[in-house]
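Take a look at the structure set out below.
Here, each number is a calculation from the coordinates, and none is a lab measurement. Please read all numbers here as calculations on a predicted model, not as lab measurements. We place every Cβ from the backbone using ideal geometry, glycine too, and count neighbours over all the protein chains shown.
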Amino acid sequence: MSLFNQSEKAYLLLADGQIFEGRSFGAKGTVIGEVVFTTSLTGYEETLTDPSYYGQIVTQTFPLIGNYGVNEADKESDKSYVSGYIVREWCNAPSNFRMEGDINTFLEKENIIGLHNIDTRRLTRTIREAGVMNGVITTENVYEKKDEFLEKIRQYEIKNAVRNVTADRSFTYSEANPEYKVVLMDFGYKRNIRNELVKRGCEVIVVPAYTTAEEIKALSPDGIMLSNGPGNPAENVEIIENLREIVKLGIPIFGICLGHQLMALAHGGRTEKLKYGHRGANQPVIDLESGKTYVTSQNHGYAVVGESIDESIASVSHINANDKTCEGIKYKNSNAFTVQFHPEAHGGPLDTAYLFDEFISRMNKEDK
């Protein structure tokens, strides 16, 4: 008998009362989260280990997941941060020369409840039309506990996301004879951001999200990297206040995703929650200076309101080709630039990896 036939019944209950019936894989039990979807064709292990998905139940729109197994090298962090995982078809017989295990075992180890054999296309259309909503994945009888689950769904909110994913101490990474020293502020960073800096000759000091301007100054870095991360950016009042002081250090700054949003908030901008966000490796972004359109990898549910940026302080540098939301900002009063997308895109397009080279160039112009 196949693993597919042995798996238990499982359910997804959405906040609007819809129930999707499927089968379970990974861990068993019940979990609540914000239900989102990602359109990436590959990179499911990177998705599962991206801290930006903290508190969320992630749906893969690509129908077959797990076919090349999992391995340590493709992880973006030490553990999985998703609340739950939904796929159309789970491959229980993966095959790849790099694989070190299978996705079912990985989810069991990480205590992540998985749901497969549901209509992910219908679910995705629901989210696109109604917007992101909370939901429950359960291996219990959802019909008997529907009212109880719906009450918990209504009360659910992602809080203290950055505090729950950031490192509790500093870590240093480099290859031999690094030329630059970069402080990477960990708001929930992906390893490949660190890797892109290291391979460009940087010693990378990963520091907790709440590291102060004085503590950063004491490290004498050539550059500061603001990482990606989860949750509502406006919730991070302490970090936003701290960034106002960090900017005054005059050190080149490059921000990605949440780092981009927090930098905008520190300069008086506003953020808003998108209807269903941008998650996947096929998001088109227009560079307003060159007029070129790049294919990018993205994972965010909030965006900077471009019109809220004071033009005397900064200007919008990139926009999303689909909905015209802000995708990048260049600052005029400081040596800083930020983008909403992921130029490091492990498991995605590398069209915008040149932005790391721009960051290096900015550090080169500073007096050593």
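Across the stretch 110-118, coupling constants 3J(HN,Hα) worked out from phi with the 6.51/-1.76/1.60 Karplus curve, θ = phi - 60°, read 8, 6, 9, 7, x, 10, 10, 6, 10 Hz, and Gly and Pro carry x. Rg and Dmax of the chain, both derived from C-alpha coordinates alone, stand at 20.6, 67 Å.
DSSP assigns beta bridges within the chain; of those with both partners inside it, close to 60 percent run antiparallel. Projecting the Cα atoms of ILE86, ALA218, ASN96 onto the charge dipole of the chain, computed from C-beta unit charges around the Cα centre, puts ILE86 farthest toward the positive end. Here the stretch 206-250 is described by how far its Cα atoms reach on the three principal axes: 30, 18, 14 Å, from widest to narrowest. A simple spin-label model places pseudo-atoms 7 Å from Cα toward Cβ; at GLU110 and MET133 they are separated by 2.6 nm. Using C-alpha pairs below 8 Å separated by at least 6 residues, the relative contact order for the stretch 1-80 is 25 percent.
In a DSSP loop and with at most 11 other Cβ atoms within 10 Å, the GluC sites (Glu not before Pro) in the stretch 207-296 are GLU289. Put simply, the amide H of ALA336, placed in the peptide plane, has neighbours under 5 Å in ILE253, TYR331, leaving out anything fewer than 5 places away on its chain. Given R₀ = 45 Å, what would the calculated FRET efficiency be for ALA353 paired with GLU8, taking r from the Cβ atoms and rounding to 0.05? Computed FRET efficiency for ALA353 and GLU8 comes out at 0.55.
Below 9 angstrom from the Cβ of THR61, what's the summed charge of the other residues (Lys, Arg +1; Asp, Glu -1)? Once all neighbours under 9 Å are counted, the net charge is +2. Dipole size of the stretch 303-368 about its Cα centre, with +1 on Lys/Arg Cβ and -1 on Asp/Glu Cβ: approximately 160 debye, rounded to the nearest 20. Grab the beta carbon distance between MET99 and ASP119, set R0 = 41 Å, and tell me the FRET efficiency rounded to 0.05. Computed FRET efficiency for MET99 and ASP119 comes out at 0.90. Helix 146-155 and the longest principal axis of the Cα set of the chain meet at an angle near 10°. The GNM of the chain, with springs linking C-alpha atoms under 10 angstrom apart, assigns the highest mean-square fluctuation among LYS273, LYS248, LYS190 to LYS248. Length gained on full extension, LYS275 to SER170, computed as 0.36 nm times the residue gap minus the Cα-Cα distance: 34.2 nm.
Extension gain for the segment SER361 to SER308, taken as residue separation times 0.36 nm less the Cα-Cα distance, is 16.2 nm to one decimal.
Modelled spin labels at ALA73 and GLU148, positioned 7 Å past Cα toward Cβ, are 4.7 nm from each other.
Charging the Cβ of each Asp and Glu at -1 and of each Lys and Arg at +1, and nothing else, the dipole of the chain about its Cα centre rounds to 360 debye. Within the stretch 66-115, the chymotrypsin sites (Phe, Trp or Tyr not before Pro) that combine a DSSP coil assignment with at most 13 other C-beta atoms in a 10 angstrom radius are PHE97. In this simple spin-label model, placing a label point 7 Å from the Cα along the Cα-to-Cβ direction at both ASN141 and GLU214 gives a separation of 6.1 nm.
Scan around ASN67 for amide H atoms under 5 Å from its own, H built in the peptide plane at 1.01 Å from N, and keep only partners 5 or more places away or cross-chain. Answer set, sorted by chain and number: CYS91. Overall, the stretch 70-135 carries a charge dipole of about 380 debye about its Cα centre when +1 sits on the Cβ of Lys and Arg and -1 on the Cβ of Asp and Glu, all other atoms neutral.
Excluding same-chain neighbours fewer than eight residues apart, the lysines reachable from LYS109 by a Cα-Cα span under 19 Å are LYS28, LYS75, LYS79. Mean sequence separation of contacting Cα pairs (under 8 Å, at least six apart), scaled by the length of the chain, corresponds to a relative contact order of 15 percent. Pairs of Cα atoms under 8 Å, at least six residues apart: use those to get the relative contact order of the stretch 284-348, whole percent. Here the relative contact order equals 32 percent. Computed from backbone phi with θ = phi - 60° and the Karplus coefficients 6.51, -1.76 and 1.60, the 3J(HN,Hα) list for the stretch 289-306 is 6, 8, x, 7, 10, 10, 8, 10, 9, 9, 7, 7, x, 10, 9, 6, 7, x Hz; x is used for glycine and proline.
Ordered from longest to shortest, the equivalent ellipsoid semi-axes for the stretch 206-309 are 25, 16, 13 Å, each the square root of 5 times a Cα gyration tensor eigenvalue.
Could you please report the charge total around ARG88, scoring K, R as +1 and D, E as -1 over all other residues with beta-carbon less than 12 angstrom from its beta-carbon? Every neighbour counted, the sum reads +1.
The smallest convex shape that holds all Cα atoms of the stretch 8-84, its convex hull, gives 107 Å³ per residue. Neighbours of TYR143, meaning other residues whose beta-carbon lies under 13 angstrom from its beta-carbon, give a summed charge of -2 when Lys and Arg score +1 and Asp and Glu score -1. Sparse packing (at most 14 other Cβ atoms within 10 Å of the Cβ) combined with a DSSP loop state is found for the following trypsin sites (Lys or Arg not before Pro) in the stretch 1-98: LYS79, ARG98. Between the stretch 110-170 and the stretch 236-259, the C-alpha centres lie 31 angstrom from each other. Amide H contacts under 5 Å for ALA314: LYS332, restricted to partners 5 or more places along the chain or on a different chain, H placed in the peptide plane at 1.01 Å from N.
Farthest towards the positive end of the charge dipole of the chain, among the residues MET363, ASN177, LEU123, is the Cα of LEU123, using unit charges on the Cβ of Lys, Arg, Asp and Glu.
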